[in-house]
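*Asks:* First the structure, which I've put down as structure tokens, then a few questions once you've had a look.
The values are calculated or read from the model by the stated rules, or taken from the named source; none is laboratory data. Predicted, not measured: the structure shown is a model, and the values here were computed from it. Cβ placement follows ideal geometry from the backbone for every residue including glycine, while neighbour counts extend to all protein chains displayed.
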Amino acid sequence: MSDTALGLYIHWPFCARICPYCDFNVYRARGNDDALFEALLADLDHWAGQLSGRTLTSIHFGGGTPSLMSGRQIGQLIDRAQAGFGFEPDIEIGLEANPNDASRFEDFAAAGINRLSLGVQSFHDEALKALGRDHDGAASRAALDGALSVFDNVSIDLIYAREGQTERDWATELASALAAGLPHLSLYQLTIEPGTAFAKRVERGELTPPGDDLGERLYRLTQRMCREAGLVGYEISNHARPGAECRHNRLYWEGADWIGIGPGAHGRIGSAASGGRLSTETALRPADYTRRVAETGTGSKAETLSALDEARERILMGLRIDGGLDLEHLKRATGQSVNAEELHRYTEQGWLTTTGSRLRFTDEGRLLADGIAAALCP
């Protein structure tokens with residue numbers, strides 16, 4: 001991805017309900033939605049003025065439940081983005097939806113969405129209930145069929161390493177997803193984040209997550225089955241047919257630029273080499289975001305990352321993808337290098353490999369990705 005690539009992330013925080021595995025950045029719908037929508041438009045106009053001459057590579061509607069936006073609102077935001085920035089000819093415009101949104105898929109497509117990410121999570125009723133979802137397995141399957149009838153580019157999320165799940169259980173569930181012929185799968189191991197409802201259940205002894213050994217076996221099984229089905233593991237948790245990789249997420253992993261608008265959105269613009277990489281963050285609460293836009297023209301506050309912080313971020317994100325981290329680009333962008341001693345140690349252990357200027361995890365190294373990446377940071 002080129003250094004000039006620019007994405008737009010639109011965060012819509014309102015949720016129909018609170019999920020037990022989400023972080024605290026989730027709100028039930030309340031207040032004046034129209035005022036929030038007008039603030040989004042104004043914030044978008046602000047950034048179009050700040051970054052005049054840049055065209056958009058991707059737009060991604062994410063957050064709590066962006067599918068709660070109307071088709072009219074989605075279309076208006078896309079039109080305003082095109083008027084303010086202009087689009088690359090093959091722009092990716094994605095939206096995160098839930099199976100219960102199936103009746104609205106055609107509206108999303110008519111508004112300009114060309115990539116749908118469907119939060120299936122599981123095809124099993126008991127698992128969905130444990131995950132706090134408000135749809136069942138039949139709804140998951142019906143929504144997947146409906147999505148494929150409307151969109152060429154569909155991805156689903158599945159969560160594995162759930163309580164009580166066996167290798168056989170996961171193999172059967174994953175095989176069902178692969179049989180659908182999807183171009184993209186996001187397959188996440190269930191993680192227990194502090195402060196979530198899941199974490200509290202673990203503390204009370206009501207939930208016992210699988211041990212590390214089972215988690216490792218399930219991860220290996222996932223990689224093998226996807227590889228055999230022609231879906232390359234281009235990122236630790238994401239698998240795609242060649243050419244179907246999520247372009248917007250690649251902006252994050254490759255250290256490109258993106259704008260974040262909407263309550264709780266983050267963005268990154270520039271690099272140390274170009275005068276400093278801006279880290280932007282909007283007000284978390286919708287009312288605060290709307291007020292900030294009214295007062296300043298944007299919901300974002302920006303700070304310039306130090307070259308060291310930028311380098312650490314690029315290392316942690318860049319090593320997640322199959323192409324790995326470009327060490328020469330890291331040096332040009334930040335003036336920093338990875339920790340040479342740790343690089344040597346993990347290369348000797350067979351967890352890292354270098355080809356030209358590209359540093360990558362081996363298959364074994366990916367099992368320890370977070371710890372190794374952190375150790376490589378200067």
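*Asks:* Quick check on my filter: what residues within the range 335-348 are farther than 19 Å from ALA369 by Cβ and touching a Pro at 6+ places or on another chain (Cβ under 9 Å)?
*Replies:* GLN336, SER337
*Asks:* Name the strands (runs of 3 or more DSSP E) wholly within the range 85-185 that hold at least 2 residues that are buried (at least 22 other Cβ atoms within 10 Å of the Cβ) and acidic (Asp, Glu)?
*Replies:* Filter on the range 85-185 gives an empty set.
*Asks:* Continuing with the same structure: Take the residues in the range 97-132 that are modelled with pLDDT of 95 or more and acidic (Asp, Glu); name whichever of them is nearest to ASP152 (Cα to Cα).
*Replies:* For the range 97-132, the residue satisfying everything is GLU106.
*Asks:* Would you confirm whether or not the range 314-322 contains a residue that is surrounded by fewer than 19 Cβ atoms within 10 Å (Cβ to Cβ) and over 30 Å from ASP45 (Cα atoms)?
*Replies:* yes
*Asks:* Looking at PRO263, is it farther than 26 Å from ALA333 by Cβ, modelled with pLDDT under 95, touching a helix residue (DSSP H, G or I) at 6+ places or on another chain (Cβ under 7 Å) and buried (at least 16 other Cβ atoms within 10 Å of the Cβ)?
*Replies:* Yes; evaluated as a whole, the condition is true for this residue.
*Asks:* Before we move on, is ALA302 among the hydrophobic types (A, V, I, L, M, F, W, C), surrounded by fewer than 20 Cβ atoms within 10 Å (Cβ to Cβ) and modelled with pLDDT of 95 or more?
*Replies:* yes
*Asks:* If you don't mind, there's one more thing I want to ask. Take GLU228 and decide whether it is more than 30 Å from ALA307 (Cβ to Cβ), surrounded by fewer than 21 Cβ atoms within 10 Å (Cβ to Cβ), modelled with pLDDT of 95 or more and in the same structural domain as ALA177 (by TED's automatic domain parsing).
*Replies:* Yes, satisfied.
*Asks:* Return only the number of the condition from (1) without any contact (Cβ under 8 Å) to a residue 40 or more places away in the chain; (2) within 26 Å of GLU216 (Cα to Cα) that LEU148 does not satisfy.
*Replies:* (2)
*Asks:* Also, quick follow-up: Of everything in the range 167-204 that's at pLDDT below 70 and basic (Lys, Arg), which residue is nearest to LEU131 (Cα to Cα)?
*Replies:* ARG201
*Asks:* On to the next question. Which pairs have Cβ atoms under 9 Å, sit 6 or more apart or on different chains, and link a residue in the range 173-191 that is more than 14 Å from ILE159 (Cα to Cα) to one that is in a helix (DSSP H, G or I) and of a type in the set (Asp, Glu)?
*Replies:* That search, which allows pairs on different chains as well, returns LEU178/GLU228; ALA180/ASP145.
Rundown of residues vs (1) in a helix (DSSP H, G or I); (2) at pLDDT below 95, yes/no style:
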| position | (1), (2) |
| --- | --- |
| ALA39 | yes, no |
| LEU44 | yes, no |
| GLY49 | yes, no |
| GLY53 | no, yes |
| THR57 | no, no |
| PHE61 | no, no |
| ILE78 | yes, no |
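*Asks:* Please go through the range 329-375 and pick out each residue that is modelled with pLDDT of 95 or more and assigned to a loop (DSSP other than H, G, I, E, B).
*Replies:* Across the range 329-375, the qualifying residues are GLY335, GLN336, SER337, VAL338, ASN339, GLN349, GLY350, TRP351, GLY356, SER357, THR362.
*Asks:* With the condition kept exactly as written, say whether any residue in the range 349-364 is farther than 24 Å from LEU218 by Cα and buried (at least 18 other Cβ atoms within 10 Å of the Cβ).
*Replies:* Yes, the range 349-364 contains a residue that is farther than 24 Å from LEU218 by Cα and buried (at least 18 other Cβ atoms within 10 Å of the Cβ).
*Asks:* Name the single residue, out of those in the range 307-341 being over 24 Å from the mean Cα position of the chain (by Cα) and free of Cβ contacts under 8 Å to residues at least 24 places away in the same chain, that is farthest from GLY356 (Cα to Cα).
*Replies:* Among those residues, the one meeting the criterion is GLU341.
Listed here are the residues, each with its yes/no results for (1) among the basic types (Lys, Arg); (2) touching a strand residue (DSSP E or B) at 6+ places or on another chain (Cβ under 6 Å).
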site: PHE85; (1), (2): no, yes
site: ASN100; (1), (2): no, no
site: PHE105; (1), (2): no, no
site: GLY112; (1), (2): no, yes
site: GLY146; (1), (2): no, no
site: VAL150; (1), (2): no, no
site: VAL154; (1), (2): no, yes
site: ILE159; (1), (2): no, yes
site: ARG168; (1), (2): yes, no
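*Asks:* Same structure, new question: In the range 8-36, what residues are in a helix (DSSP H, G or I) and modelled with pLDDT of 95 or more?
*Replies:* Of everything in the range 8-36, nothing turns out to be in a helix (DSSP H, G or I) and modelled with pLDDT of 95 or more.
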